[in-house]
Amino acid sequence: LAIPGKIIKLNGMEVLVEYPGENRKAFLGDDVKAKPGDYVLVQMGVVIRKLTSRQAKASLQAWTKHLITV
């Protein structure tokens, strides 16, 4: 499972992704076209999918709800 993050910096194929509470570096997958401000899913340090803001917000709400109830 992956928590959506927002790209805040792009340097070639390397991106800085903002998550709730932390930022992490990742690399763009070969077929992913993303830019700063885009929401993405990252697995094992590689951006695997770009999300719409609506998809990302729904997923983040679900994660937040789950974390609060656990």
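Every read-out reported here was derived from the displayed coordinates using simple, explicitly stated rules and does not represent laboratory data. Because the structure is predicted, anything quoted here is derived from the model rather than measured. So basically every Cβ, Gly included, is an ideal-geometry build from the backbone, and we count neighbours across all protein chains shown.
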(Q) Check which residues have an amide H placed less than 5 Å from Ala2's amide H, if you skip close sequence neighbours. (A) none
Q: Would you kindly derive the ³J(HN,Hα) couplings of the stretch 40-50 from the backbone phi angles with the Karplus curve 6.51 cos²θ - 1.76 cosθ + 1.60 (θ = phi - 60°), listing them in order in whole Hz, with x for Gly and Pro?
A: 9, 10, 10, 10, 6, x, 10, 5, 9, 7, 8
Q) Considering the Cα trace of the chain, what is its radius of gyration and what is Dmax, both in angstroms? A) 11.8, 39
Q.
Out of the trypsin sites (Lys or Arg not before Pro) in the stretch 9-42, which ones are loop residues according to DSSP with at most 11 other C-beta atoms within 10 Å?
A. Lys33
Q. Relative to the longest principal Cα axis of the chain, at what angle does helix 53-69 sit, 0 to 90 degrees, rounded to 10?
A. 40 degrees
**Q.** Relative contact order [Cα under 8 Å, 6+ residues apart], the chain, whole percent
**A.** 29 percent
Q.
Per DSSP helix of 4 or more residues, -39500 (n - 2.57); summed, then divided by the residues of the chain. What does that give at 222 nm, rounded to the nearest 500?
A. -8000 deg cm²/dmol
